[in-house]
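What follows is one structure encoded as structure tokens, with my remarks underneath.
The values are calculated or read from the model by the stated rules, or taken from the named source; none is laboratory data. Computed from a predicted structure; not experimentally measured. All Cβ positions, glycine included, derive from the backbone under ideal geometry; neighbour counts span all protein chains shown. Surface areas here come from the heavy atoms of the whole protein model, side chains and all, with no ligands, DNA or RNA. Shrake-Rupley method; radii C 1.70, N 1.55, O 1.52, S 1.80 Å.
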Amino acid sequence: MSRLVSPSMLSANFLHLEKDIEMINQSEADWFHLDVMDGMYVPNISFGLPVIQQIKKKAEKPLDVHLMIEKPERYIDDFKNAGADILTVHLEASTHLHRTIQAIKAAGMKAGVALNPHTNVSLLDDVLVDLDMVLIMSVNPGFGGQNFIPQAIHKIKKLHNQIESLGARTLIQVDGGVDDKNAAELYHAGADCLVAGSYVFKSADPMAAISKLKKA
Ligand code: DX5
Ligand code: ZN
């Protein structure tokens, strides 16, 4: 079981992105969480390949790219070339999920699958051993700053048990409404990696906020 923290750059200040990247480099964070939204799979549009390419030049930690786009299999090589180290796609957005997972790994990245709040974790039973990570969404994807959906705790516990019973090494990541109040409970339920956007970047001291999540 690991305790990883992946701050979501969606809440960073895009007017001085380099400064925020440096802050993450200096902090106890483990990865950079990059949220890509296409305005189709989710109602919002965020940023894409050119921004990730630039972040890659300054980031000294792995890029954890969360694709909230329809048919993500179309862009696997592009995200690899832009610098993604971990590529997470939504189960609900990829029809041939098994093939997509294999293609991500064949491109040389770690493969993750994200589940929306309404999606049952048992739908991953047949691909769990192939996965490096499962992302449990604890908000509906599309926006930062939403309230944590408590049902995510139950899903994390269920998934954790399933991973253990299969002897798999899949990490569990949780994304949405994570802060210092729910972090300990999330780790305790079986989460290995916490994503946090507004909690980190709206804090007066983002590095201390990251440290708090690491030590929760
Ligand atoms: C939501 C994104 C999250 C978001 C989290 O669709 O996947 O990564 O940035 O933001 P907070 O931590 O503010 O809920
Ligand atoms: Zn995300």
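Numerical summary
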{"read-out": "Candidate set from the range 124-145 (those that are β-branched (Val, Ile, Thr) and more than 7 Å from ligand 1 (Cβ to nearest atom)); member that is farthest from Glu70 (Cα to Cα)", "value": "Val129"}
{"read-out": "Pick from the range 161-178, criterion touching a helix residue (DSSP H, G or I) at 6+ places or on another chain (Cβ under 7 Å) and farther than 17 Å from Trp31 by Cα, ranking: most open to solvent (accessible area, probe 1.4 Å)", "value": "Leu166"}
{"read-out": "Ile163 vs. criteria touching a strand residue (DSSP E or B) at 6+ places or on another chain (Cβ under 6 Å), more than 12 Å from ligand 1 (Cβ to nearest atom) and closer than 20 Å to Ala111 by Cα", "value": "no"}
{"read-out": "Candidate set from the range 110-120 (those that are within 16 Å of the chain's Cα centre (by Cα) and open to solvent by 10 Å² or more (accessible area, probe 1.4 Å)); member that is farthest from ligand 2 (Cβ to nearest atom)", "value": "Lys110"}
{"read-out": "Subset of the range 123-167 (residues that are under 28 Å from Gly39 (Cα atoms) and small (Gly, Ala, Ser))", "value": "Ser138, Gly142, Gly144, Gly145, Ala152"}
{"read-out": "Lone qualifier among Glu92, Glu60 - being open to solvent by 10 Å² or more (accessible area, probe 1.4 Å), within 16 Å of ligand 1 (Cβ to nearest atom) and at negative phi", "value": "Glu92"}
{"read-out": "Filter result for Asp77 (crowded, with 21+ Cβ neighbours inside 10 Å, in contact (Cβ under 8 Å) with a residue 24 or more places away in the chain and more than 17 Å from the chain's Cα centre (by Cα))", "value": "no"}
{"read-out": "Subset of the range 185-208 that is over 18 Å from the mean Cα position of the chain (by Cα) and open to solvent by less than 50 Å² (accessible area, probe 1.4 Å) - its residue that is farthest from Ser2 (Cα to Cα)", "value": "Ser203"}
{"read-out": "Extreme residue, nearest to Gln54 (Cα to Cα), among residues of the range 10-43 that are open to solvent by 50 Å² or more (accessible area, probe 1.4 Å) and of a type in the set (S, T, N, Q)", "value": "Asn13"}
{"read-out": "Cross-chain or 6+ apart pairs with Cβ under 7 Å, the range 139-154 first and in contact (Cβ under 8 Å) with a residue 12 or more places away in the chain and buried (at least 19 other Cβ atoms within 10 Å of the Cβ), then of a type in the set (Gly, Ala, Ser) and not in a helix (DSSP H, G or I)", "value": "Val139/Gly176; Val139/Gly177; Gly144/Ser8; Gly144/Gly197; Ala152/Ser138"}
{"read-out": "Any hit, the range 187-200, residues being more than 15 Å from ligand 2 (Cβ to nearest atom) and closer than 24 Å to Asn25 by Cα", "value": "yes"}
{"read-out": "Lone qualifier among Ala196, Ala168, Ala209 - being in contact (Cβ under 8 Å) with a residue 24 or more places away in the chain and away from ligand 1 (no atom under 16 Å from the Cβ)", "value": "Ala168"}
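Here is a yes/no grid of residues against (1) more than 23 Å from Cys193 (Cα to Cα); (2) within 14 Å of ligand 2 (Cβ to nearest atom); (3) under 16 Å from the mean Cα position of the chain (by Cα):
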{"residue": "Lys19", "(1), (2), (3)": "yes, no, no"}
{"residue": "Ser27", "(1), (2), (3)": "no, no, no"}
{"residue": "Pro50", "(1), (2), (3)": "yes, no, no"}
{"residue": "Glu60", "(1), (2), (3)": "no, no, no"}
{"residue": "Leu63", "(1), (2), (3)": "no, yes, yes"}
{"residue": "His66", "(1), (2), (3)": "no, yes, yes"}
{"residue": "Ile69", "(1), (2), (3)": "no, yes, yes"}
